[in-house]
Amino acid sequence: MEAQYEQAVKQIEQVDMKNEEIDLEEFEILQRQEGFQKMWDIMRKREVIWKQKSRSNWVRVGDANTRFFHRVANGRKAQNHITGLMCDGSWVEEPTQVKKEARNYFSKLFQEDKWSRPKLYGVNFKQISTEENQWLERPFSTEEIEEALRSCEGSKAPGPDGENQSAFLGGRQLADGVLVLNEVVEEVKRKKQQAFVFKADFAKAYDCVNWSFLEWMMDRMGFGTKWRRWIMECLSTSRISVLINGSPTEEFKVEKGLRQGDPLSPFLFLMIEEGLNGLVQKAVTEGLFRGVEIGRRGLECSLLQFADDTIIMGKADKENVFMVKTILRWFELMSGLRINFSKSNIYGYNVPVSWVEGSAGMLRCGVGKSPFIYLGLPVDGNPGRKKLWEPLINKFRAKLAVWKAASLSFGGRLTLLNSIGGSSMNLRKMLVERFKWEVGEGNRVSFWNEPWVGNKTLRVLYPRLYELSTNKECKISDMGVWEEDKWRWKMEWRRERIGKEKDEEEKLREGLERLQLKKRAEDGWRWTHDSEGRYGVKNAYDFLAPIECVLDKQWSKLIWCKLVPSKVSFFGWRLSLDRLPTKWNIRKRGVPLQEEELKCALCKDKVEEVNHLFSMCKEVWIFWVEVLQWWGMVTVMPNNVLSAADIFVNDLGRIIGKEMGAYIFLVAAWYLWYWRNGEVFNNGNNIRGRLMEMVQAKSFFWIKNKIHGCVFSFHEWKLKPVECALSIRKYKQMQKLFHKQQKGMGTT
C-alpha cells in the first residue's frame, strides 16, 4: 500500500513539473486526476486499517492522525498478546496448539446443558398489541432495506448492522438510574428506615442467556410466531471463532448467549431481565418480599435495572435476604443467568454491622462500604468532599495522558475531551457557584452543616451555638413548627446562653426571621441566571462565554456542523473569533515583529490580519472566485471573513442548503490556511496550482465518509457539485421522512 501511495504521489508530481513548462494535454490532465483519486483512496484505506487496529472511532469523526492510531494499535497488540496457556496442568506455547485449546474452551462454554428448565408461570407481563405484531411481521419494503444498507458503517463486518448500541430510549439517560438510587438511599437515611441494598453482578451475562427461555418470554409478551422464528433464526444460525494474536480459530456453532455489539442484543437482554422483574414483583405482591418505602404515598421500591447492572433493595430482615437468594436462584435455573456472589455486595442502612455481615454470609457475597459505584457514578457520597471525586479525577488524568496530547491536533484534543467527560472541573466549579439553594419546607437540608444561608454553614458562623445545640444533625424542618401557614423557629439548647452566646443567638434569630419557609414546597437548587430558576445549556453557555465571544446564532451552529472533522470546526471557531495566529495577532500577543515581517505571506503587501488573509488579499480573492465558480456563482467578495462566510451560507445555501454552504466555506478556508502556513514555514510549498483540486478532493472524501447516501463519484462531484449536493439533500429528506413514518407506526 505504501508503494502504491508513493507511486501515485510521484505520478502527480511528474505531471505538475511538466505543467510548469508547457500546457498539459487532455490525457495528462485525466492522468493527474486519476493520481489524486488513487492517492485519496489509499489514504482512506490506511486510516481505516489503523482505526480498526486501534479500536478507535476517530476516523469516523474525521480527525485522521496516523501517529495516534499507530501508538494505540501497538499498545493494544502488546497488551492482548497471548504467549501461552496453562491447560490441565501443562504449559502450551505452540501457536496451533494454543488456538486449538482456546477453541475447545469456548466451544464448551457456549454449549447448552441438555435438561428441561422450569418456566415462569403465574407471573403477568405487559404484552404488545395485535396492530404492533402486524407491523413487526409486515413484508420488508425496498425503502427499508435501502435505508438499512445505507446506514451501515462500512468499516465493520459483517455489514448492515448500523450503530452498535441502539437500545437507549429518547429522553432517558444513564444518570437517571444513579439519581433514583441516590434519592432512595437519602430517603432511607433521613427516615431512619432499616434497609439493605444488594448490588448484583451477573457472571458473563450475555454469554449465558438460554434461548428457550428467551423464546418463552417473547411468547408471554405477545410476540407473534413469525417474529419469534425470525429472532431465533438470527441466534441459532450464528457461528463464531476466537481471535488469538490476530489469527482466528476454526468456527464453531453456539447454543446459547447473545452477541455483544449486535444492536438487537440489548433489546433481547431486556426481555430476559423482565423475567427477574416479574419474579420480584410477584414476591412483593404475595407478601414474600418487602421493598423500601419512598415518598409521601409510601411507594415501594424493590428493583432497579439498567441492562445487566441490577440493584435489589428491601427491608432489613433475614426473611427478605433469604428471598433475594431464592429469587436469584430461580431466575438462574430458568434463564441461565447466574449471579457471581463473590463479586456482589450488600450494603446496610440504619442496621448493626453484625447484621450486614450475617446477611453477607447467608448470600456468600461481600460487605459493601459507602460510597459505592453504580453505572460508573458514586452513590451515597458527600459531593462536597474531594475524596468522592478522586476516582473521576484519576480517570481524567489517565485518559488525558501526555502522549495523547502530543499525538493529536486541536480537533483531536476536543474529541478526546468529549469522549471522557462533557466538562472540566473548572467549568463545573464556575457553574455550581451560579446555583442557589432554595429552601422549601426544609426536609432535606441540614440546619447546621449545609450553607443554606449565605455561603457558609451556620456551624461555621455560630460555633458557640453549634456546641450548645441538642441536635447537631437536625434538618431545618426540625427547628420549628408550622402555626397555620406561618413558620415559627424553635431551637433547643443544652443550657442557658451566657455572654457572647446571647449575642450570637440574637444575631441568628434576626437572620432567620428574615427567611420564611414555604409550606408543601420541595427544597432544591435554583439557577440564578434564569427568571424561573431553571438551568439550561443555552443560558449556561451565555454565562460562561464572554459577550464579545457570542457569535451569530446561525453561524455558531453551522461551524460545528457534522460534515467536517472536529479539527476543522475548531479552526472555523477560532477564525470567526479572530483567534488564529496571524502575524498581526502574534504581535498583539507580545512577539516583537518588524513592519516588514507583518506583511501577508501570500501577497507580500498588506498587514496579515484575519480579514485581509481570508477576504481582502488579492491572491485569496482569486481563490474565492475559483471556489464560487465551481459552484456556478459569480459575486463580489466582501472585506471581512464573516461576510464572506455569509455568501456561502445564505446565498449558496439557498440552493444547496445552509449546512452544505457552510461545509464548502470551512473546507476552502481550511486549505487557504494550509496554503498560508506552507508559505510561512516551508518557504512556499507550491500548492497554489493544486489548491482548488485539493479542496474538491478533500470535500469529496469527508462527505463520503460522513453521509452513506452519497452515490456519486469524485468526477461527478468535481464537474456537477450542485447536482451532487442536491442529491444529498434529497437523501436526507427521505431519511427524515422514513424515520418519521417509523415513529408514527409505534417504533423508535
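The values are calculated or read from the model by the stated rules, or taken from the named source; none is laboratory data. In this text the structure is predicted, and so the values were computed from the model without any measurement. Heads up, the Cβs are rebuilt from the backbone with ideal geometry, glycines too, and the neighbour counts pull from every protein chain shown.
Considering only residues that are buried (at least 22 other Cβ atoms within 10 Å of the Cβ) and in contact (Cβ under 8 Å) with a residue 24 or more places away in the chain, look in the range 645-660 and name the one that is nearest to Leu613 (Cα to Cα).
Ranking the qualifying residues of the range 645-660, first place goes to Ala645.
So which of Gly376, Gly348, Gly287, Gly295 ends up being farther than 20 Å from Val180 by Cβ and either surrounded by fewer than 16 Cβ atoms within 10 Å (Cβ to Cβ) or modelled with pLDDT of 90 or more (or both)?
Unique residue meeting the criteria: Gly287.
Among the residues of the range 332-348, is there at least one that is on the phi > 0 side of the Ramachandran plot and small (Gly, Ala, Ser)?
Yes, because at least one residue in the range 332-348 is on the phi > 0 side of the Ramachandran plot and small (Gly, Ala, Ser).
Scan the range 555-589 for residues that are of a type in the set (Ser, Thr, Tyr), assigned to a helix (DSSP H, G or I) and modelled with pLDDT of 85 or more and jot them down.
Within the range 555-589, Ser569, Ser576 meet the criteria.
Quick check on this structure: which one of Ser643, Ser699, Ser713 is modelled with pLDDT of 90 or more and not aromatic (Phe, Trp, Tyr)?
Ser699
Which of the residues belonging to the range 286-327 are hydrophobic (A, V, I, L, M, F, W, C) and free of Cβ contacts under 8 Å to residues at least 40 places away in the same chain?
Matches in the range 286-327: Leu288, Phe289, Leu299, Leu303.
Given the conditions (1) touching a Cys at 6+ places or on another chain (Cβ under 8 Å); (2) part of a helix (DSSP H, G or I), and given that Ala645 satisfies all but one, which numbered condition is not satisfied?
Looking at each condition in turn, Ala645 falls short on (1).
Step by step: first the residues of the range 471-521, then only those that are under 47 Å from the mean Cα position of the chain (by Cα) and of a type in the set (Gly, Ala, Ser), then the one that is modelled with the lowest pLDDT. Which residue is that?
Ala521
Look at Phe196 and say whether it is at pLDDT 90 or above, surrounded by 12 or more Cβ atoms within 10 Å (Cβ to Cβ) and under 30 Å from Pro371 (Cβ atoms).
Judged against the criteria, Phe196 is a match.
With respect to Gly657, determine if the residue is closer than 14 Å to Leu563 by Cβ, in contact with a Leu (Cβ under 8 Å, 6 or more places away or on another chain), of a type outside the set (Ser, Thr, Tyr) and not assigned by TED's automatic domain parsing to the domain that holds Gln37.
The answer is no for Gly657.
State all residues of the range 283-331 that are touching a Ser or Thr at 6+ places or on another chain (Cβ under 7 Å) and part of a helix (DSSP H, G or I); if no residue qualifies, say none.
Residues satisfying the conditions are Val284, Val321.
Collect the residues in the range 353-373 that are modelled with pLDDT of 90 or more, part of a loop (DSSP other than H, G, I, E, B) and surrounded by fewer than 16 Cβ atoms within 10 Å (Cβ to Cβ), keeping them in residue-number order.
Listed by number, the list holds a single entry, Arg364.
Going by what's in this entry, would Trp403 be described as aromatic (Phe, Trp, Tyr), at pLDDT below 60 and not in a loop (DSSP other than H, G, I, E, B)?
For Trp403, the condition - aromatic (Phe, Trp, Tyr), at pLDDT below 60 and not in a loop (DSSP other than H, G, I, E, B) - is met.
Just to be sure before I move on: is Gly336 crowded, with 20+ Cβ neighbours inside 10 Å and out of contact with any Leu (no Cβ under 9 Å at 6 or more places or on another chain) in the structure I sent?
Criteria met by Gly336.
Starting from residues that are acidic (Asp, Glu) and touching a helix residue (DSSP H, G or I) at 6+ places or on another chain (Cβ under 8 Å), keep the ones in the range 221-263 and report whichever is nearest to Glu131 (Cα to Cα).
My answer is Glu255.
Collect the residues in the range 702-727 that are touching an Asp or Glu at 6+ places or on another chain (Cβ under 9 Å), among the hydrophobic types (A, V, I, L, M, F, W, C) and over 20 Å from Arg654 (Cα atoms), keeping them in residue-number order.
Of everything in the range 702-727, just one residue is touching an Asp or Glu at 6+ places or on another chain (Cβ under 9 Å), among the hydrophobic types (A, V, I, L, M, F, W, C) and over 20 Å from Arg654 (Cα atoms), namely Phe712.
Assess whether Ile29 counts as being at pLDDT 70 or above and closer than 19 Å to Leu691 by Cα.
It is true that Ile29 is at pLDDT 70 or above and closer than 19 Å to Leu691 by Cα.
Taking interchain pairs and intrachain pairs at least six residues apart, which have beta carbon atoms under 6 angstrom, with the first residue in the range 581-601 and closer than 10 Å to Leu613 by Cβ and the second surrounded by 12 or more Cβ atoms within 10 Å (Cβ to Cβ) and of a type in the set (Lys, Arg)?
Pairs found: Cys600/Lys606; Ala601/Arg676.
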